[in-house]
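Asks: Dumping the structure here so I can ask a few things about it.
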Amino acid sequence: MEEKCTCEPNEILVFACSGSSNVGQIANLAALQLTQKGAGRMFCLAGIGGHVSGMIESTKAGKMIVGIDGCPVACAKKILEHAGFNVDEYLQVTEMGVEKNHGFHYPQPEIDKVVDRLNTRISQRRGA
Ligand code: SF4
C-alpha cells in the first residue's frame, strides 16, 4: 500500500517545464495556480538544471516533488532525474487531451484540468 505523505504544502515542490509552446505554458501556469491555491510551492526548474547548490539543497529538503511537463519529451522529469531526484507526482499536459502547438493559445479550462488533476493526486497522497 502506498504510504501517505505527512508533508505540508510548503514542502511540496512543484516544477514545471515552462516550455515554449501552449502545453509548456499550461504546465507553467498550472504550477503557479497550484501554488496560489496553497497545494504546493512552485520551484525553479532552471536552478536544478543549472545545479545551483542552494536550490539543490532546498529541493533535497522537500518531501514531495511534483513534475509537470508539457509533452512527452519530458524535460522537467529528465532535469530532475539527472540531478538525482525522484518525481513523486507527475503529469504531461498532452495526456489531458491538449494538442501541442506553438501558438500560445491556452484557454483557462485547459489549465484548470491540469490543476484539478494534480490537486486531487496531491491531496490523495497526503491523505487530506
Ligand atoms: S516537455 Fe515538451 S513542452 Fe516542456 S520544455 Fe520539453 S519539449 Fe517543451
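Asks: Exposed loop trypsin sites (Lys or Arg not before Pro) only (DSSP loop, at most 14 other Cβ atoms within 10 Å): please give the longest stretch of the chain free of them, not including the sites.
Replies: 64-128
Asks: Just in the stretch 1-76: which GluC sites (Glu not before Pro) are loop by DSSP and have at most 14 other Cβ atoms within 10 Å?
Replies: Loop-located and lightly packed - Glu2, Glu3.
Asks: If R₀ is 25 angstrom, what is the calculated FRET efficiency for the pair His105 and Leu32, using the beta carbon separation as r and rounding to 0.05?
Replies: Taking R0 as 25 Å, the efficiency between His105 and Leu32 is 0.90.
Asks: Divide by every residue of the chain the summed helix terms, -39500 (n - 2.57) for each DSSP H run of at least 4, and state the resulting mean residue ellipticity at 222 nm, rounded to the nearest 500 deg cm²/dmol.
Replies: Per the formula, -13500 deg cm²/dmol.
Asks: Could you check the simple spin-label distance between Glu11 and Cys44, using points 7 Å along Cα→Cβ, in nm with one decimal?
Replies: 2.4 nm
Asks: What Rg and what Dmax come out for the stretch 23-69 when only alpha-carbon atoms are used, in angstroms?
Replies: Rg then Dmax for the stretch 23-69, in Å: 11.1, 29.
Asks: Can you give the extra length, in nm with one decimal, that the chain gains between Lys78 and Ser53 once fully stretched, where that is 0.36 nm per residue apart less the Cα-Cα distance?
Replies: Stretched fully, the Lys78-Ser53 segment lengthens by 7.2 nm.
Asks: Continuing with this model, one more query. With +1 on the Cβ of every Lys and Arg and -1 on the Cβ of every Asp and Glu, and nothing else charged, how large is the dipole of the stretch 1-116 about its Cα centre, in debye rounded to the nearest 20?
Replies: 260 debye
Asks: Relative contact order for the stretch 24-128: what percent, with Cα pairs under 8 Å and sequence separation of 6 or more?
Replies: Dividing the mean separation by the residue count of the stretch 24-128 yields 32 percent.
Read-outs throughout are calculated quantities, based only on the coordinates presented, and are distinct from any laboratory measurement. Keep in mind it's a predicted model, so treat the numbers as computed, not measured. Because the Cβ atoms are built from the backbone with ideal geometry, glycine has one as well, and the counts that use them run over all protein chains shown.
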